[in-house]
Amino acid sequence: MPPNIHREAPLRWGIAVILVLLASCGFPLAPVSEHGVPLRQPEAGYREVRVGDTLYSIAWESGRDYRDLARWNRIAPPYLIKPGQKLRLFPPAGADQTYRPELKPLPPTSNQRATAEKAPEKKKSAEEKPPSPAKQYVAAGATRQLDWIWPVEGKLLERYSANGPNKGIDIAGRKGQPILAAAAGQVVYQGGGLRGYGQLIIIKHNADFLSAYAHCDRIYVKEGNVIKRGQKIADMGSSGADRAKLHFEVRYRGAPVDPQDYLPKK
């Protein structure tokens, strides 16, 4: 037997005890991961299409405009993709970057106009400042205006954060509560393939605007369905979440925007 084995054994046991004590006190011993996948990964240049993916879901997941992905990968409408196909997530060398036109205020929706008409008139004093314009925006030259409604009734749990992790709003509710389409459009994704969203529905409202409804329970629509504003599309649930709630996002040309800038004021 080697002469130092009696000295090494107590040392190994001592290290093991220290590690157990650190873990019990809440100190992380390794990078946090979920299902064996690191939570922070460098973004890859390509994304392989999996079963259930659509061009819209991959664009949503990567934060791109679906039209950019289609152009970079030479995919023509109706933007069909197939499992195993590799999609470029960045423009090829020499290709134009994403075009972001100048934004201008969006005129009030019919709901906002009705609210304004019902409100009593107030005499403005000389010192009273004019109200600030609504925080709604639309691309200059856009021809179609959407009329939004709240997808569910409930307490607002979390607001949109432009510089934070929450790119939508979270609304509390109960399991089975109806989820409504916030505006008319077409379902372009329905499934559970986007991590962190649970059972998800993505609706394309026009060429520029899409909305997403996450953590659903039972779903009543399929990809390709044309949806009316206010139509029931799902029941609220807690898939991919710690409680029953709706996580609702709006994206304009691939970029997250604050849903409350478009929904009727409460």
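The values are calculated or read from the model by the stated rules, or taken from the named source; none is laboratory data. Everything quoted here is computed from the prediction, not taken from an experiment. Here the Cβ is made from the backbone with ideal geometry for all residues, glycine too, and neighbour counts use every protein chain on show. Surface areas here come from the heavy atoms of the whole protein model, side chains and all, with no ligands, DNA or RNA. Shrake-Rupley method; radii C 1.70, N 1.55, O 1.52, S 1.80 Å.
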Per residue, in Å², the accessible surface of segment 136-266 once ligands and nucleic acids are set aside, probe 1.4 Å: 43
Accessible surface of segment 138-266, 1.4 Å probe, proportion on carbon and sulfur as whole %: 46
Shape call, segment 142-266: gyration tensor on alpha carbons, a/c limit 1.5: rounded
Per-peptide average of other Cβ atoms within 10 Å, ordering 257-265, 224-232, 157-165 highest first: 257-265, 224-232, 157-165
